[in-house]
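A short write-up of the structure that comes next.
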Amino acid sequence: MSNNHESAAHLIWHEESRREVYRSRVLSIRDTTCKSPEGESRVFTVIDAPDWAIVVPVIETERGKEFVMVRQWRHGSQELSLEFPGGVFEPGEDALEAAAREMREETAYTPGKIRKIGVFSPNPAIMANHVHFFLAEDLRALDTQDLDDDEYVDIELVPIREVFQGLGRPPYVHALMASAYSLYLQATE
């Protein structure tokens, strides 16, 4: 198998038109008309949203290496989630700037070192954006969080092993946390 576009040309659809059908402050939805490899036109629904950054902050404590995580309410699942800090890119902001800013705002830590460890499409079947993952180390504590008006976030230091053992069960229910953890393992091998 290959991800070469030339050898997979028989799978590619071509967009003919698009029409926005809904817009909110966090996303828009469009209907996109695409032509199949066999020439048939079909309409698909696509969610457009800004890219996101998720940061895996690692801090050395007397108990060993731990993750700096945030506990917050998630409206979609109607439950609390314990997860890595992250959020939406601001207009014109690059991925590294967004990651460092979101980490500072949510955790009250700033990274001495930060590097990109991967990029995923959160759900390529219906979403057009990407999520960028970063590893942050050599953390320095700041005085306070700088949360948005509608953010209520607790900061927690969690042993790395505890996060691994908890993935897929409350409070570690955010699917992108498993992606972040996998990229963390890959980056620290």
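For region 5-61, which GluC sites (Glu not before Pro) pass both filters: DSSP loop (anything but H, G, I, E, B) and at most 13 other C-beta atoms within 10 Å? Here the GluC sites (Glu not before Pro) that fit, given the DSSP loop and packing criteria, are 6, 38, 40.
A Cα-only calculation for the chain places Rg and Dmax at 19.1, 63 Å. Among the GluC sites (Glu not before Pro) found in region 85-159, those both in a DSSP coil and sparsely packed, with 14 or fewer other Cβ atoms within 10 Å of their Cβ, are 151. Within region 84-142, the proportion of Cα pairs with more than 16 Å between them is 44 percent. Computed with the Debye formula from one identical point scatterer per Cα of region 124-178, without solvent, the log10 of I(q)/I(0) at q = 0.12, 0.22 Å⁻¹ comes to -0.47, -1.25.
Computed over protein heavy atoms with a 1.4 Å probe, the accessible surface of the chain works out to 61 Å² per residue. Measuring gaps between exposed loop sites in the chain (trypsin sites (Lys or Arg not before Pro); DSSP loop; at most 16 other Cβ atoms within 10 Å), the longest gap, sites not included, is 64-189. When the helices of the chain are scored as -39500 (n - 2.57) per DSSP H run of n ≥ 4 and the total is divided over every residue, the value at 222 nm lands at -5500 deg cm²/dmol. Among the chymotrypsin sites (Phe, Trp or Tyr not before Pro) in region 124-189, those located in a DSSP loop and surrounded by at most 15 other Cβ atoms within 10 Å of their own Cβ are 152.
Its relative contact order, with pairs defined as Cα atoms under 8 Å and 6+ residues apart, puts the chain at 21 percent.
The values are calculated or read from the model by the stated rules, or taken from the named source; none is laboratory data. Note that the structure is predicted; figures quoted are calculated from it, not measured. Here Cβ is always computed from backbone atoms with ideal geometry, including for glycine, and neighbour counts include all displayed protein chains. For the accessible areas, the whole protein counts, side chains as well, though only heavy atoms, and no ligand, DNA or RNA atoms are used. Shrake-Rupley method; radii C 1.70, N 1.55, O 1.52, S 1.80 Å.
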